[in-house]
Amino acid sequence: MITPKSPEGERTELIEGVETLIRDRLAHLKWRMRREAAIDQITCRLAARMNVRPSEAAAHLARLSHESGVDLLEVARSVDERSPGPPQVPSVEVPAWLRGVLDAVHLSTVYLTPITDGTGRVVDFLIAMAGDHTYDVTGRGPELLRGRRLVEFSPGVVRSGLLEAYLRVYETGEPFNRGPFEYVEVRDERLWPASVSVKAVRAGEGVLTTWRTHDEEERLVNGWERAQRVAGLGWSEWNLATGRVFWTSEMYEMFGRDTAEGPMPLDHLPRMVPPEDIPLVEEMIRTLLEYREAVQQEFRIQHRHGIHHLRLVAEPVLDQEGVPVAVRVMVQDVTATRRRERALAMAHEQASRARRRAQEEHRVAVTLQDTIVPMRRGVIDLPGLRMGLRYCPGEEVDRLGGDWFKARPLPDGRVLIAIGDAMGHGLTAASLMVQMRSGLAGLAYTGAEADQLATWLNELIYHANQGITATGTAVIGHFDPSDRTFNWVSAGHPPPVLVRDGGAAFLKGDPGTMLGAFEAMEYTLNTAHFDAGDMLFFYTDGIVERRGRDLGDGLNALLDAAARCVEGDLEKDITCVLKQLGGDQSDDDICMLALRVL
């Protein structure tokens, strides 16, 4: 017996699963960082020994790894073990004045002199001098820096792009200034991240470089400034005693104000607000200065680019006596959010209207169908025939179609038998169905043959629906019980199925053109002769059409089902055919007539 877990047990299991996932991801990340650090450090060490640039050493290792099929890190370590030490670099005499400058600067400062290859190309720098206050991001002091090759001692200059920057400074004489930025040093096959600012200038025959590592407080301030830009936040302070106003740069953009104009005085705020929102600003100022309480408020302003929505969180700064001496405000531009909300509201309203319209259309269409075709299933006795029927309209408005049928005795002794489908779905299809069925019912009493009825019905549909596309298909025929003949026409509708002696086949006849497509049409009258016991199936396309299946396959499946299902009970025969074809699960209209010749 399995004991179900309690909610608390499920929660504990979920927490443990997530914790395991985090630990696994962190372990994989640490492994990747160690691998990258080792490759970077070995590459820079190899570059120093080969006296080439790091990019060339990296390409050399990559080529060896590709040719041997051995992992890059393994190749790098193997080459590193076999490589001789770097070539000796002659010492450089640093001018006395420069040594004095380096000692006077209270920043990390080094003087770099170029190291060239056999062609005279600069491939690296020598740390010729380091100031007494110099420390790299890993904590190594000036005594460890002096006399070292830059790339070998500090592989991070390659990863960060600083080496290329120093080369440009040396070659062009243009100064370099960057920061603060995230710098990652490589030492002891570990990555050492830090936030730094770097400057470099050409000085004599070398490059004078200074850097400053930002402490946690500076990083927090920089992080807050970045967060303001990302989140669209601005900060301001109005000093009520001195009148001094401080704005961050984001405030100018939010209020559409030029920085040359300076910050806006607090009492000018109502000028920026539409008349409808002035009471909101008044209440906010009253809360801050009279009630001396913090407040959150949202209002609109007249921005140079149109109306903007701002959300303010403000608080008064009180002295020891509780008197407001300043107002501090944090502002967020929520214009984009409000636009999205309006768009969503409009889309929701449009969808609601469309849903209501569809529901009403469905109700009207169903009412029309119920009025015109009240009988949905059952058996009817007609002269010389016994007919079973099944009529299943679509349940959803977008699938509610225009299937219809007509079977009734005429004054001349014949039986009118017709089935059709008005193209489309919804109320339009239901309305067209009414035109086709009612029009045929009236025309049939003229006594005209089926081909003439089809011609007249085509003209009726064509001229009654000017300006819109209104078409339909139908099989229209007359059964004469005196000699069991059936004279019929097809107007683009699938032919009836004849079941005789256990076999099924389509009645042969001209397929014709659908109704309403052209103004003047003529139809060919087809004649079939039946024997007592013959079965006829009339149907609409919802029975044989399926998404993703060829129509020909559906028609062949109908023949197979009709041959297997005919046993004598008309309702059971129809049910069997529909089940064989999956019609009982169709979301489209379905109409089928089964007629037994007596």
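Name the single residue, out of those in the range 342-366 being open to solvent by 100 Å² or more (accessible area, probe 1.4 Å) and closer than 19 Å to residue 429 by Cα, that is modelled with the lowest pLDDT. Here the residue is 363. Within the range 520-542, residues that are closer than 22 Å to residue 422 by Cα have Cβ atoms under 6 Å from residues that are open to solvent by 10 Å² or more (accessible area, probe 1.4 Å) and among the small types (Gly, Ala, Ser) in these pairs: 523/512; 542/586, counting only partners at least 6 apart in sequence or on another chain.
Beta carbons closer than 6 Å, at least 6 apart along the sequence or on distinct chains, pair a first residue in the range 477-488 that is polar (S, T, N, Q) with a second that is surrounded by fewer than 17 Cβ atoms within 10 Å (Cβ to Cβ) and assigned to a strand (DSSP E or B) for 485/529; 487/527. Being within 19 Å of residue 415 (Cα to Cα), touching a residue at least 24 places away in the same chain (Cβ under 8 Å) and open to solvent by 10 Å² or more (accessible area, probe 1.4 Å) is a description that applies to residue 598. Restricting 159, 99 to residues that are closer than 25 Å to residue 55 by Cβ, open to solvent by 60 Å² or more (accessible area, probe 1.4 Å) and modelled with pLDDT under 90 narrows the list to 159.
Determine if the range 11-28 includes at least one residue that is open to solvent by 60 Å² or more (accessible area, probe 1.4 Å) and at pLDDT 85 or above. No, that holds for no residue.
Filtering the range 242-264 to residues that are surrounded by 11 or more Cβ atoms within 10 Å (Cβ to Cβ) and either under 17 Å from residue 289 (Cβ atoms) or over 37 Å from the mean Cα position of the chain (by Cα) (or both) leaves 244, 245, 246, 247, 259, 262, 263, 264.
Selection of first residues in the range 157-180 that are closer than 24 Å to residue 41 by Cα and touching a residue at least 60 places away in the same chain (Cβ under 8 Å) and of second residues that are open to solvent by 60 Å² or more (accessible area, probe 1.4 Å) and assigned to a helix (DSSP H, G or I), restricted to Cβ pairs under 9 Å at least 6 apart or on distinct chains, gives the following pairs, ordered by first then second residue: 158/55; 158/164; 159/36. The single condition among (1) assigned to a strand (DSSP E or B); (2) closer than 13 Å to residue 329 by Cβ that residue 281 does not meet is (1). Scoring residue 223 on the criteria (1) at pLDDT below 85; (2) surrounded by 13 or more Cβ atoms within 10 Å (Cβ to Cβ) leaves a single failure, condition (2).
If a residue has to be under 21 Å from residue 120 (Cβ atoms) and open to solvent by 30 Å² or more (accessible area, probe 1.4 Å) to count, how many in the range 175-204 make the cut? Residues flagged as under 21 Å from residue 120 (Cβ atoms) and open to solvent by 30 Å² or more (accessible area, probe 1.4 Å) within the range 175-204 amount to 2. Within the range 447-468, the set of residues being in contact with a Gly (Cβ under 8 Å, 6 or more places away or on another chain) and in a loop (DSSP other than H, G, I, E, B) comprises just one member, 465.
Scanning the range 289-305 for residues that are among the hydrophobic types (A, V, I, L, M, F, W, C) and under 44 Å from the mean Cα position of the chain (by Cα) turns up 294, 295, 299, 301. Among the residues making up the range 139-156, those that are more than 19 Å from residue 116 (Cβ to Cβ) and open to solvent by 20 Å² or more (accessible area, probe 1.4 Å) are 139, 140, 143, 144, 146.
Quick one: is residue 550 free of Cβ contacts under 8 Å to residues at least 40 places away in the same chain, surrounded by fewer than 19 Cβ atoms within 10 Å (Cβ to Cβ) and either of a type in the set (S, T, N, Q) or within 25 Å of residue 435 (Cβ to Cβ) (or both)?
Numbers: free of Cβ contacts under 8 Å to residues at least 40 places away in the same chain: yes; surrounded by fewer than 19 Cβ atoms within 10 Å (Cβ to Cβ): yes; either of a type in the set (S, T, N, Q) or within 25 Å of residue 435 (Cβ to Cβ) (or both): no.
Against the criterion (free of Cβ contacts under 8 Å to residues at least 40 places away in the same chain, surrounded by fewer than 19 Cβ atoms within 10 Å (Cβ to Cβ) and either of a type in the set (S, T, N, Q) or within 25 Å of residue 435 (Cβ to Cβ) (or both)), residue 550 does not qualify.
The conditions of being among the aliphatic types (A, V, I, L, M), free of Cβ contacts under 8 Å to residues at least 60 places away in the same chain, within 17 Å of residue 149 (Cα to Cα) and open to solvent by less than 80 Å² (accessible area, probe 1.4 Å) are not met by residue 110. The residues of the range 70-82 that are under 41 Å from the mean Cα position of the chain (by Cα) and without any contact (Cβ under 8 Å) to a residue 24 or more places away in the chain amount to a single one, 71. Take the residues in the range 370-416 that are surrounded by 14 or more Cβ atoms within 10 Å (Cβ to Cβ), under 50 Å from the mean Cα position of the chain (by Cα) and part of a loop (DSSP other than H, G, I, E, B); name whichever of them is modelled with the highest pLDDT. The residue in question is 393.
Pull up the range 492-513, narrow it to residues that are open to solvent by 60 Å² or more (accessible area, probe 1.4 Å) and more than 14 Å from residue 563 (Cβ to Cβ), then point me to the one that is nearest to the chain's Cα centre (by Cα). Of everything passing the filter in the range 492-513, 511 is nearest to the chain's Cα centre (by Cα). Of all residues in the range 417-445, those satisfying the criterion of being out of contact with any helix residue (DSSP H, G or I) (no Cβ under 8 Å at 6 or more places or on another chain), open to solvent by 30 Å² or more (accessible area, probe 1.4 Å) and modelled with pLDDT of 85 or more are 442, 445. Can you name every residue in the range 284-324 that is surrounded by 13 or more Cβ atoms within 10 Å (Cβ to Cβ) and among the charged types (D, E, K, R)? 292, 298, 300, 311, 315 - these are the residues of the range 284-324 that are surrounded by 13 or more Cβ atoms within 10 Å (Cβ to Cβ) and among the charged types (D, E, K, R). Can you confirm whether the range 37-48 contains a residue that is in contact with a strand residue (DSSP E or B) (Cβ under 6 Å, 6 or more places away or on another chain) and of a type in the set (Asp, Glu)? Yes, because at least one residue in the range 37-48 is in contact with a strand residue (DSSP E or B) (Cβ under 6 Å, 6 or more places away or on another chain) and of a type in the set (Asp, Glu). Would you check which residues across the range 452-472 are of a type outside the set (A, V, I, L, M) and farther than 13 Å from residue 440 by Cβ and list them? 462, 463, 465, 466, 467, 469, 471, listed by residue number.
The values are calculated or read from the model by the stated rules, or taken from the named source; none is laboratory data. Keep in mind that this is a model prediction, so the values were computed, not measured. So basically every Cβ, Gly included, is an ideal-geometry build from the backbone, and we count neighbours across all protein chains shown. For the accessible areas, the whole protein counts, side chains as well, though only heavy atoms, and no ligand, DNA or RNA atoms are used. Shrake-Rupley method; radii C 1.70, N 1.55, O 1.52, S 1.80 Å.
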